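The values are calculated or read from the model by the stated rules, or taken from the named source; none is laboratory data. Not measured: the values here are computed from a predicted model. Here the Cβ is made from the backbone with ideal geometry for all residues, glycine too, and neighbour counts use every protein chain on show.
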Amino acid sequence: AQKVTQAQTEISVVEKEDVTLDCVYETRDTTYYLFWYKQPPSGELVFLIRRNSFDEQNEISGRYSWNFQKSTSSFNFTITASQVVDSAVYFCALSLSGYSTLTFGKGTMLLVSP
Amino acid sequence: EPEVTQTPSHQVTQMGQEVILRCVPISNHLYFYWYRQILGQKVEFLVSFYNNEISEKSEIFDDQFSVERPDGSNFTLKIRSTKLEDSAMYFCASSEARGGEQFFGPGTRLTVL
């Protein structure tokens, strides 16, 4: 069975600091997809990124970047120059090829203070 | 921008009552899902639905739960006899393809008293 571990329960930073959220996954499948979602205090789940297991290129989108390393089964998320609006719970998730179930990690709460 | 919508935003019910949570997925999406999140905990998969039938379901999705697509736009989750432990935020999601990005609705907070 697959599993997603987000070991950091809560991270507090001051605005403009860089912060990395860790995600480690477990699966025996060779084809799978990895996701990050943001859940702001308002409660909705906002899709951030989807990565398939054959694409190990790092991705950058504005202040967000993702580092996918199959060798360590990790899909880490970095926010550069954090802002107060980045305060949210961030979830990493995994789905297997041929299935639609998303398996979520427990989430990391990020608090960015001014 | 198209989005998933859910109604109601908050539902309060008495234990043992039936509830129906409603969702309107993104119109060109073919896969539909329900997830739940007990307060402060992780998001848990309940069920996926494709081509008018359940394609996957979790252990949580027992006989008390059912899903339906009664018309071309709505996707519903019914809980037949609610229990206290059903209190949670229920999220509907949809995707164009299996394994694709799942876009979530704003959720329905269910409170069972």
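Evaluated against (1) buried (at least 16 other Cβ atoms within 10 Å of the Cβ); (2) more than 24 Å from residue A:90 (Cβ to Cβ), residue B:103 falls short on exactly one condition, (2).
Of all residues in segment B:66-86, those being crowded, with 16+ Cβ neighbours inside 10 Å, over 19 Å from residue B:4 (Cβ atoms) and within 13 Å of the chain's Cα centre (by Cα) number 2.
Going through segment A:23-50 one residue at a time, which ones are touching a residue at least 24 places away in the same chain (Cβ under 8 Å) and polar (S, T, N, Q)? If the condition is that a residue be touching a residue at least 24 places away in the same chain (Cβ under 8 Å) and polar (S, T, N, Q), then A:27, A:31, A:39 are the ones that fit. Against the test of being away from chain B (no Cβ under 14 Å) and over 30 Å from residue B:108 (Cα atoms), the options A:71, A:53 yield a single qualifying residue, A:71.
Only one entry in B:39, B:46 is more than 9 Å from chain A (Cβ to nearest Cβ), closer than 25 Å to residue A:36 by Cα and under 13 Å from the mean Cα position of the chain (by Cα), namely B:46. When only residues in segment A:4-38 that are surrounded by fewer than 17 Cβ atoms within 10 Å (Cβ to Cβ) and at pLDDT below 95 count, which is nearest to residue A:59 (Cα to Cα)? Result: A:31.
State whether the residues of segment A:51-62 include one that is touching a residue at least 40 places away in the same chain (Cβ under 8 Å), at negative phi and of a type in the set (D, E, K, R). Checking segment A:51-62: not a single residue is touching a residue at least 40 places away in the same chain (Cβ under 8 Å), at negative phi and of a type in the set (D, E, K, R). Identification of strands (runs of 3 or more DSSP E) wholly contained in segment B:63-111 with 3 or more residues that are over 22 Å from residue A:32 (Cβ atoms) and away from every other protein chain (no Cβ under 14 Å) yields B:65-68, B:75-79.
The requirement of being within 13 Å of another protein chain (Cβ to nearest Cβ) and crowded, with 17+ Cβ neighbours inside 10 Å is satisfied by residue A:102. Taken over segment A:68-90, the criterion of being surrounded by fewer than 16 Cβ atoms within 10 Å (Cβ to Cβ) and not small (Gly, Ala, Ser) is satisfied by A:69, A:70, A:72, A:80, A:83, A:84, A:85. For residue A:93, the requirement of being surrounded by 17 or more Cβ atoms within 10 Å (Cβ to Cβ), under 20 Å from residue B:99 (Cβ atoms) and of a type in the set (Gly, Ala, Ser) is met.
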